[in-house]
Structures are given as C-alpha cells and as structure tokens.
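These notes concern the structure reproduced below.
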Amino acid sequence: MVDTAQPESFPISRRDSFNTRDTRTRNLKPFHSGDIKILLLENVSAKAVDILKKAGYQVEFHTKALDNATLIEKIKDVHAVGLSKTKLTEEVLSHANKLLTIGCFCIGTNQVDLSYAASRGICVFNSPFSNSRSVAELVIAEIILLARQLGDRSREMHEGVWNKVSKACYEIRGKTLGIIGYGHIGTQLGVLAEALGMHVVWYDILPVMPIGMSRAANSLEEVLAEADFVSCHVPETPETKDMIGARELALMKPNSYLINASRGTVVDIDALAAALNSGHLAGAAVDVYPTEPLANGPGFESPLRNCPNTLLTPHIGGSTEEAQRMIGVEVATSIVKYIDSGASVNAVNFAECDLRAIPSTDLTTVRIVNVHQNVPGVLRQINNILADYNVNKQISDSKGDVAYFMADVAVNDPKEISTIYEQVTAIQENIITRVLF
Ligand SMILES: NC(=O)c1ccc[n+]([C@@H]2O[C@H](COP(=O)([O-])OP(=O)(O)OC[C@H]3O[C@@H](n4cnc5c(N)ncnc54)[C@H](O)[C@@H]3O)[C@@H](O)[C@H]2O)c1
Ligand SMILES: O=C(O)CC[C@@H](O)C(=O)O
C-alpha cells in the first residue's frame, strides 16, 4: 500500500536535525511542524486551537460543519481533523491522502466509520468522560422540570397566560429513576439522583458495580415496569436502535416520564409522540434526534413539537464551558502525542501503544511507527529489517484487522533513517509507516 502520510519535509539526513529541545527527554518530530495541517470543524474549544498551534501546526478553524463537497476537498490535504457531529463516512475518508488522526471532540464516535479509518491507518481519539457530568446535571434538571410541568408553565407565561396548577405536579423525592446504560453518565446521574432522595434502578449489558444504594435490574423490562422516570444512556449500536419503541413505552408505568440524552436512534420518536399524546406518558425530555441540523437556525421539525409536557433541547447535554474546555485539552493533547511521538493511548479504533520517552542525551535513537494489516509474518519482516540495529525497545498490539507497531532503534548514521523507512514502507501489508526522531 502506498504511504503518503510522511510529511514532505521528511526524510532529513543531518544528525543536527535531531530535536533536542527538552532537557530530559527528546521531543520526537520527523518533520517541520509547520507542514502539519489540522482542520477543526464545529467550533471546537479555543483550548484545542491553542494546544495545536503551540505544537507548531497549521490550524484551519471553522465554527460550523462543512458541506460534504467542501469537506472532501479539504480532507485531501490535512493530517488531522477535529469534529463533533460531522459524519466521516468511508466515502469522505477515501479522499484523505495524508490523514493520520481524527479527533472527536465529544464522547460519541458513531459519526466516524471507525473500522474503515483503522484500515487506512487513521487513528481516532475521543474524550470518553469529559462531558459526563454536564449531561447528568442536565438530566437532573429535566427530571424536576418534568415533574413540575415547568416547560409548559414557562411557555404559557411567555404567551401571556397565567395558569397556576398543582394537579399532577410532584416532588421527585421518593420516586424511582430507571437508568438504561450504567456507564460514565448513568453512574453520575445515579449519584446525583440519590442525593435528591430518589431510588435508582438500572439496566446494563455489562456486570457493573452498583454505586450508592442503586440496584441492578435483571432486564430492561424490569426497569420500565418499576421506574417513574426512565433515562437512556446507551451508545448508538445496532442493538440500541429503537431500543425504546411502542412495546417498551407500553411497558412503562402510566404517567411516567422518558428522558433521552444519548443518541436519537435509541428512541422511536413517532411511538414516543403517540405515547405522550395519548396521555400514557406524563412527559418527556429529548436532547438528541434521529437526524439533527448541522447548523443553528430555524426549520427544526419533529413529531414531538407541541407534545404535552415535552422538553426539547438541541443536543446540548455536553454543552458547558467546563466540558468543552476539558474535551478540547484532552483530544488536542491526544492528537499532538500521536502525531509527534506515535502514542495511541486512548484511541478508540486502534490498539493502544506507547513507549517511554527517549532520553535527551541519546541522539542516535529513532522511533519507527508502523500500522499494518494484522496477518502472520509482518512482525518477522519488520524485525528482519531492524535486525542489524540495536532495538532499544518495541511494542506491538492489534485490534481487529489492523496492528500497530512501535520500536526505538539506534542508528549509526542518520542516512539509515531513510533506508529503514523505505524498507518498512515496502512491506506488502504496510498501511502507514512513520519515522520520528
Ligand atoms: N446529549 C449529549 O450531549 C451527550 C453527551 C455525551 C454523551 N452522549 C451519549 O451518551 C452515551 C452514553 O455515554 P457514556 O459516557 O455514559 O457511555 P459509556 O460507554 O460510559 O456507558 C454506556 C453504557 O451503556 C451500556 N450499554 C451498551 N449497550 C447496551 C444495551 N444494549 N443495553 C443496556 N446497556 C447497554 C454499556 O455497557 C455502558 O455501560 C454516549 O454513547 C453518547 O452517545 C450524549
Ligand atoms: O456536543 C456535541 O456536539 C456532542 C456531545 C455528545 O453527543 C457526545 O457524544 O459527547
């Protein structure tokens, strides 16, 4: 496979080009930083822009998503893309000639074709829990708003209608919260709900330790039958598609409430609208939709518009200053570490590998970073190439069909860097090879 990922400033052949800025460990770089181009979409945090610029990269920043044609044009020439909801399908990624890494500045990674990206040697990072607390706090607010019908009361007041009622308005103390998906967000939510006096019952496909007084249910159905409020916190997978449909809504207690701040595919929206309009459910809060607009503005359509006691928010579960700042730092740092030193720790579609840093006194060691097809015999070929060198350390791991390899190799003459690079790149199963020094 042809490797076009090595920036044009590679290879160099002068020993004085070894980077020795750090006094204790070498900062590895195979290229002039200015060659590295980063495309940032959808207004990712200014913190991320700072980190990527400080790394010396060229950063192109967009506040909004790009249309598909523009995205395809731009992705041809960049080494990293940062996004939140933009879809990077196989079709889009097939145009990426230089792309090394994708940063999802969010938790969900369902917008990227992860396995196709891996097959092209593109390492994808996300921020697995930086916005979990923000989502959990929003859901807590929604539980209280629904129980008190605050959405409807506020709308009526804005329309000039005074409507003081207490009928079917409740405290949440002593009520049962059912959590579907007891992961980062589900567990945070459970802790907050218990602090407000709620009972918590949850369902997860994994055997997770219950936190506080919460209790694991044996099935989804058990949660639906018991809970006054049901809140979904599962990822988008084939198994979670329409996980809450007409059957599941019918199993929920009369006058209970449904909350979905996970993914729009998890709840059948038409069935939910029917359950609200019939009065079976007393209310719902929805933050995510099967299809979502790419830009702010009018024109949002949904069968849920005008349903009674229904809170609709524009996918803002993780939209707080705190969360966006933390996500910006975490994902931008992962991108820099991957580009500059090959570390794939926290990758979602790659084996996670890292090697300890090279001491600043060691001016002869280079780092070989290689992505290859995970088939027998490739490591033997790589190690045959490295056989005449002193390999200080190496690591290899695989995920599915793709394997990742890193080795720190002492070279006698910087000219050998190009030789190693060319030989490893020539291996038939090679996907991407980089030499960092
Ligand atoms: N609204 C927002 O702005 C917003 C913000 C962050 C995350 N999210 C969404 O919330 C989802 C959950 O986030 P998280 O950080 O808690 O993820 P997580 O991976 O920590 O937890 C998800 C949990 O769901 C469980 N699960 C998976 N499939 C299941 C199934 N079929 N039935 C029951 N449980 C199942 C998993 O075992 C896991 O424990 C994310 O995948 C993302 O799509 C939305
Ligand atoms: O804020 C966003 O764009 C995405 C938030 C959320 O859905 C996530 O997956 O982290």
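For the stretch 30-41, which positions are at pLDDT below 75, assigned to a loop (DSSP other than H, G, I, E, B) and open to solvent by less than 30 Å² (accessible area, probe 1.4 Å)?
Residues satisfying the conditions are Pro30, Phe31.
Quick test of your reading of the structure: Arg120 fulfils all but one of (1) touching a helix residue (DSSP H, G or I) at 6+ places or on another chain (Cβ under 7 Å); (2) more than 14 Å from ligand 1 (Cβ to nearest atom); (3) open to solvent by less than 10 Å² (accessible area, probe 1.4 Å). Name the failing condition by number.
Exception for Arg120: condition (3).
Residue-wise test of (1) modelled with pLDDT of 95 or more; (2) more than 16 Å from ligand 2 (Cβ to nearest atom); (3) assigned to a loop (DSSP other than H, G, I, E, B); (4) within 20 Å of Gly121 (Cβ to Cβ).
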| residue | (1), (2), (3), (4) |
| --- | --- |
| Ile327 | yes, no, no, no |
| Ile335 | yes, yes, no, yes |
| Ala343 | yes, yes, yes, yes |
| Leu355 | yes, yes, yes, yes |
| Asn384 | yes, yes, no, no |
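Can you find, within the stretch 390-409, the residue that is nearest to Val375 (Cα to Cα) among those that are of a type in the set (Gly, Ala, Ser) and open to solvent by less than 20 Å² (accessible area, probe 1.4 Å)?
Out of the qualifying residues, it is Ala403.
Hey, does the stretch 112-121 have a residue that's farther than 30 Å from Val92 by Cβ, part of a loop (DSSP other than H, G, I, E, B), more than 16 Å from ligand 2 (Cβ to nearest atom) and not hydrophobic (A, V, I, L, M, F, W, C)?
No, the stretch 112-121 contains no residue that is farther than 30 Å from Val92 by Cβ, part of a loop (DSSP other than H, G, I, E, B), more than 16 Å from ligand 2 (Cβ to nearest atom) and not hydrophobic (A, V, I, L, M, F, W, C).
Taking the stretch 82-109 only, how many residues are modelled with pLDDT of 95 or more, open to solvent by 50 Å² or more (accessible area, probe 1.4 Å) and either touching a Gly at 6+ places or on another chain (Cβ under 6 Å) or within 13 Å of ligand 2 (Cβ to nearest atom) (or both)?
Residues meeting the conditions: 1.
Do you know which residues across the stretch 286-315 are closer than 21 Å to Ala65 by Cβ, within 15 Å of ligand 2 (Cβ to nearest atom) and open to solvent by less than 70 Å² (accessible area, probe 1.4 Å)?
Selection gives Asp287, Val288, Tyr289, Glu292, Ala295, Thr313, His315.
Could you list all residues from the stretch 207-233 that are touching a residue at least 24 places away in the same chain (Cβ under 8 Å) and among the hydrophobic types (A, V, I, L, M, F, W, C)?
Hits for the stretch 207-233 are Val208, Ile211, Ala216, Ala217, Leu220, Val223, Leu224, Ala225, Ala227, Phe229, Val230, Cys232.
Quick check on Ser154: is it in a helix (DSSP H, G or I), open to solvent by 50 Å² or more (accessible area, probe 1.4 Å), under 30 Å from Ile431 (Cβ atoms) and more than 16 Å from ligand 2 (Cβ to nearest atom)?
No.
Ile140 versus (1) open to solvent by less than 60 Å² (accessible area, probe 1.4 Å); (2) within 16 Å of ligand 1 (Cβ to nearest atom); (3) within 28 Å of Cys353 (Cβ to Cβ); (4) touching a helix residue (DSSP H, G or I) at 6+ places or on another chain (Cβ under 6 Å): which is the lone unmet condition?
Of (1) open to solvent by less than 60 Å² (accessible area, probe 1.4 Å); (2) within 16 Å of ligand 1 (Cβ to nearest atom); (3) within 28 Å of Cys353 (Cβ to Cβ); (4) touching a helix residue (DSSP H, G or I) at 6+ places or on another chain (Cβ under 6 Å), only one is false for Ile140: (3).
The values are calculated or read from the model by the stated rules, or taken from the named source; none is laboratory data. Owing to the predicted nature of the structure, the values given are computational and were not obtained by experimental measurement. Heads up, the Cβs are rebuilt from the backbone with ideal geometry, glycines too, and the neighbour counts pull from every protein chain shown. These area figures cover heavy atoms from the full protein model, side chains too; ligands, DNA and RNA do not enter into them. Shrake-Rupley method; radii C 1.70, N 1.55, O 1.52, S 1.80 Å.
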